[in-house]
Amino acid sequence: MVINMTTRTKISTAIILGTLINFTSTAYASNISNAINKDYQQHLAPLWDHFHRNPELSLMEHKTAKKLTEELSSVGFEVAENVGGTGIVAIMKNGSGPMIMVRADMDGLPVKELSGLPNASQVMTKDWNGEPVGVMHACGHDVHITSLVGTARYMASIKDQWSGTLMLIGQPAEEKGPGASAMMDDNIWQRFGQPDYALAFHVNANAVAGKVTVDEGSPYAGADTVDIIVHGIGAHGAYPHQGKDPVVIGAQIVNNLQTVISRELSPRDAGVITVGAFHAGTKHNIISERAVLQLTVRSLNPQVREQLLSAIKRIAIGTARTAGIPENKLPEVIVSEFSYPPTSNDKALAKRLKDVLINKMGKESLVPPNATGMGAEDFGFFTTKPYIPSVYFSVGGTPKEDFDKADAGGKPVASHHSPQFKISPEPSVKSGVEATVYALLELMPKN
């Protein structure tokens, strides 16, 4: 192919311009990373230490909320307190543009910390039943709220580089359950405005510290709680033919439920039906009047949820009928009114933000999803009704050397909710802030 001088000039110009754009992008990302690192050393590290030493249980996050309010107010956010209980909503209006919500959960767990960290929580308190318990941040919420502050501080310092309204949420009671739904019941969108997009992240003990994962599907499952009351006809244990044994019927229901996932659910769909408790009887030689099964049901979309719940009711009633239970004593299948919707990322938005993070943080900073369970989370209450495009990502929290030690010793790293749970705060907080900032700048460009 013959290339004339004009063509050569255009190609050279394009190459130079492309190089300059890439260099500028890299330098820009480096400046953000350096600024976040400096803020971590000077402010966020001691803040995380404070939160880690002073955890509070769900619905009791008064001091945590107050500290978070002080931090956000100090950089110019207007903060409303006691939203849905101890929740806070912080608003910064910065010209025209979309409203973006970023959420961080605040609560700790009733677990005595045995991590061996020098700043391990020594907090003891009374739980919701008045029982004394130890409290720790055994799920990394101290990382979440510290990163929220870091995001607020950086975004407040560069108001000339973005336009729109930033809404930061300190959410109570993610662990116990009613936090997000309580804030929604408190008319959060009507009071403060409905976001155009929503973001959140969770620190992940099963991923290398600082590595980011953006799932284009559902990072967390929906969860339903189901009780099955199996009615029987009581009798003497030595005369079983004179009764209808609810223990036997209950056992058959447990076994029959196992076929729902294996034989009714599409192999390309995911679902879990776990019978976590089976209560019946009072004495060795008495056939009881009833048995109670307690189930947790997990799904990734509304269609599978309805399929599983419908199958549970059909199998419970059908098994009892087969055993000869009369129509007026068929099992009661009770689905709790409080259920968690799936946390489902908007696929187009997730792909868009993932591309941004790869470009700004480097391809090596992102790792693919490796979900192996059906854990639930209440972020979906914010984004389901009404639908708000959202991305819930994760940030690794365990140093690589800890994985190497675990592999060599054959013992896994401590999981979430474990007394030994510990996160490396510096890479986790810094990556959490950095990824959130890049996402916000992508969604709220300067007009």
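Below are the figures for this structure:
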| quantity | calculated |
| --- | --- |
| Residue within region 190-201 that is within 16 Å of E426 (Cα to Cα) and assigned to a strand (DSSP E or B) present | yes |
| Yes/no for T259 being part of a strand (DSSP E or B) and of a type in the set (S, T, Y) | no |
| Of all residues making up region 22-47, the number that are open to solvent by less than 20 Å² (accessible area, probe 1.4 Å), closer than 13 Å to T151 by Cα and modelled with pLDDT of 95 or more | 3 |
| Boolean, M167 is farther than 20 Å from M361 by Cβ, open to solvent by 20 Å² or more (accessible area, probe 1.4 Å) and touching a Phe, Trp or Tyr at 6+ places or on another chain (Cβ under 9 Å) | no |
| Residues of region 423-438 satisfying the condition of being of a type in the set (S, T, N, Q) and part of a helix (DSSP H, G or I) | S428, S431, T436 |
| Exclusive hit being modelled with pLDDT of 95 or more, within 15 Å of G232 (Cα to Cα), surrounded by 20 or more Cβ atoms within 10 Å (Cβ to Cβ) and in contact with a Gly (Cβ under 8 Å, 6 or more places away or on another chain), set L293, L308 | L293 |
| The one condition in (1) open to solvent by less than 60 Å² (accessible area, probe 1.4 Å); (2) modelled with pLDDT of 95 or more that P240 fails to fulfil | (1) |
| Region 243-281, residues that are basic (K, R) and surrounded by 11 or more Cβ atoms within 10 Å (Cβ to Cβ) | K244 |
| K351 being within 30 Å of V212 (Cβ to Cβ) and outside any strand (DSSP E or B) | yes |
| Residue list for region 93-118, filter: open to solvent by less than 10 Å² (accessible area, probe 1.4 Å) and touching a His at 6+ places or on another chain (Cβ under 8 Å) | A104, D105, M106, D107, G108 |
| Members of region 311-320 found to be open to solvent by 30 Å² or more (accessible area, probe 1.4 Å) and either of a type in the set (D, E) or in contact with a strand residue (DSSP E or B) (Cβ under 7 Å, 6 or more places away or on another chain) (or both), listed by number | K313 |
| Restricting region 321-354 to residues that are in contact with a Pro (Cβ under 9 Å, 6 or more places away or on another chain) and open to solvent by 40 Å² or more (accessible area, probe 1.4 Å), the residue that is nearest to S365 (Cα to Cα) | A348 |
| Qualifying position, being assigned to a helix (DSSP H, G or I), within 22 Å of A320 (Cα to Cα) and of a type in the set (A, V, I, L, M, F, W, C), among V275, V248, V230 | V248 |
| Strands (runs of 3 or more DSSP E) within region 117-178 that include 3 or more residues within 17 Å of A198 (Cβ to Cβ) | 164-171 |
| Hits in region 55-89 - residues which are without any contact (Cβ under 8 Å) to a residue 24 or more places away in the chain and either over 15 Å from R103 (Cα atoms) or basic (K, R) (or both) | K63, K66, K67, E70, S73, S74, E78, N82 |
| Criterion violated by D215 - all others in (1) of a type outside the set (F, W, Y); (2) more than 28 Å from W128 (Cβ to Cβ); (3) open to solvent by less than 20 Å² (accessible area, probe 1.4 Å) satisfied | (3) |
| Region 382-422, residues that are of a type in the set (A, V, I, L, M, F, W, C), at pLDDT below 95 and in a helix (DSSP H, G or I) | F403, A406, A408 |
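Yes/no per residue for (1) modelled with pLDDT of 95 or more; (2) of a type outside the set (G, A, S); (3) closer than 20 Å to V203 by Cα:
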| residue | (1), (2), (3) |
| --- | --- |
| G116 | no, no, yes |
| Q122 | yes, yes, no |
| D127 | no, yes, no |
| V135 | yes, yes, yes |
| D142 | yes, yes, yes |
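Here is a yes/no grid of residues against (1) surrounded by fewer than 17 Cβ atoms within 10 Å (Cβ to Cβ); (2) in contact with a Lys or Arg (Cβ under 9 Å, 6 or more places away or on another chain):
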site: V391; (1), (2): no, yes
site: K400; (1), (2): yes, no
site: Q420; (1), (2): yes, no
site: S424; (1), (2): no, no
site: T436; (1), (2): no, no
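The values are calculated or read from the model by the stated rules, or taken from the named source; none is laboratory data. On a predicted model such as this, the values are computed, not experimentally measured, just so you know. Methodologically, a virtual Cβ is constructed for each residue, glycine included, from the backbone with ideal geometry; neighbour enumeration extends over all protein chains shown. Just so you know, the surface numbers come from the protein's heavy atoms only, side chains and all, with ligands and any DNA or RNA stripped out. Shrake-Rupley method; radii C 1.70, N 1.55, O 1.52, S 1.80 Å.
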